1. Hey, can you tell me all the residues within the range 1-29 that are part of a helix (DSSP H, G or I) and in contact with a Phe, Trp or Tyr (Cβ under 8 Å, 6 or more places away or on another chain)?
2. Taking Thr240 as the residue in question, decide whether it is over 22 Å from the mean Cα position of the chain (by Cα) and either under 28 Å from Cys52 (Cα atoms) or hydroxyl-bearing (Ser, Thr, Tyr) (or both).
3. For His42, state whether it is surrounded by 16 or more Cβ atoms within 10 Å (Cβ to Cβ), modelled with pLDDT of 95 or more, under 29 Å from Thr275 (Cα atoms) and in contact with an Asp or Glu (Cβ under 6 Å, 6 or more places away or on another chain).
4. Looking at Leu172, is it surrounded by 24 or more Cβ atoms within 10 Å (Cβ to Cβ) and in contact with an Asp or Glu (Cβ under 9 Å, 6 or more places away or on another chain)?
5. Can you work out which of the residues in the range 120-137 that are farther than 21 Å from Pro12 by Cα and hydrophobic (A, V, I, L, M, F, W, C) is nearest to the chain's Cα centre (by Cα)?
6. Going by the conditions given, is His117 surrounded by 13 or more Cβ atoms within 10 Å (Cβ to Cβ), within 23 Å of the chain's Cα centre (by Cα) and touching a residue at least 40 places away in the same chain (Cβ under 8 Å)?
7. Picking from Thr38, Thr45, which residue would you name as being part of a strand (DSSP E or B) and within 20 Å of Ile15 (Cα to Cα)?
8. Taking the range 68-94 only, how many residues are of a type in the set (Ser, Thr, Tyr) and touching a residue at least 24 places away in the same chain (Cβ under 8 Å)?
Amino acid sequence: MSHFRNILVFQPAAIGDVMFATPVAKTLKANFPSAQITWWTHASTKDLLQLCPYIDTVIDYKRSDGILKQRKIIKQQDYDLVVDLVGSTRAKLLTIFSKTKVLHLKKQSLKSKELKHIVDNLLHTLAPLNLARQAKPFPTLSLNSATNKTLPQQAQTIIKDAQAPGKKLVALVPAVGSIRPNRAWDKNNWKELARKLQAEKKIKLVLVGGKDDLDLCETLAEEIGADCVSLAGRLSLSETAALLRQCAYVVSCDTGPAHIAVACGTPVVGLYGPTYSRRNGPYGFDQYAIDHSSECQCHYAKICKLTKQTGPGRCMQETRVEEVLQKINQITQETKAINT
């Protein structure tokens, strides 16, 4: 087996996909501990990837640079292995005629009977190297008490309050962005879930999301009332990771914070419909996923074919609060068993 010293991983992608790919870095570093591993991705995920101890350097991907300039970046840095985790025509053009060893992601059909989770599909890109695979792909982000000190004061106060004896910090991720609203769960369901969790009286709820989610989360926090705070739009990605690491569990639809939580090792109750949990679910916590996509046959489409594109899909409407509470109870019982 070759011993690579300078490895480039190419993956300009969304938050969730970048988190799904961090086990690739973990596997490469375990097999080539002295290698320099560089991640080439969007600048927006840089502070998050800097929490991954298996990645040495993160460089910004700028599509506007053009292919010729981007090819020079690869050539000038003298990489001896390039791992392409995009598998696009553009990615292949960047490495064409290169003397460097290149591994390309082989995209899988969403209709394949042997559909892999995206994490396993990304790791399969390394198959030609015959590397020893890690027993536990996650967690892949390293967070400690020093990281918590970088959080805004409000977040630090929330964590401290939740650390009182018998209390739990729980994150809810009620928004999914504006591109694919069919992935959302109805606002009233989030309120009902929150109030039933609050009935335990020892749960501190925090609503997590981006700047686009601020209005929804602020409104929900006001309507839910005491012991529920919205931090949507107030945290960077690395700060979001630091907060989610402190949570007992997270409840989320298929969106970035869910996969950040997985990378931190925090259990996730994943609510799935138009996207397919078998491929995009909370890796390692698949027993907690709730997936009604097969009921309306939309799990290959990323959108719901039976509803308008402006709100929760039919399959998401099938998800009941009682189902979510059952999964939460399962997490609680399994956590108790591990700690006793």
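The values are calculated or read from the model by the stated rules, or taken from the named source; none is laboratory data. Keep in mind it's a predicted model, so treat the numbers as computed, not measured. Please note: Cβ atoms are built from the backbone with ideal geometry, for glycine as well, and neighbour counts cover all protein chains shown.
1. Phe20, Thr22, Pro23, Ala25, Lys26, Leu28, Lys29
2. Considered against the rule, which asks whether it is over 22 Å from the mean Cα position of the chain (by Cα) and either under 28 Å from Cys52 (Cα atoms) or hydroxyl-bearing (Ser, Thr, Tyr) (or both), Thr240 comes out as no.
3. Against the criterion (surrounded by 16 or more Cβ atoms within 10 Å (Cβ to Cβ), modelled with pLDDT of 95 or more, under 29 Å from Thr275 (Cα atoms) and in contact with an Asp or Glu (Cβ under 6 Å, 6 or more places away or on another chain)), His42 does not qualify.
4. no
5. Ranking the candidates gives Ala135 first.
6. Yes; evaluated as a whole, the condition is true for this residue.
7. Unique residue meeting the criteria: Thr38.
8. 1
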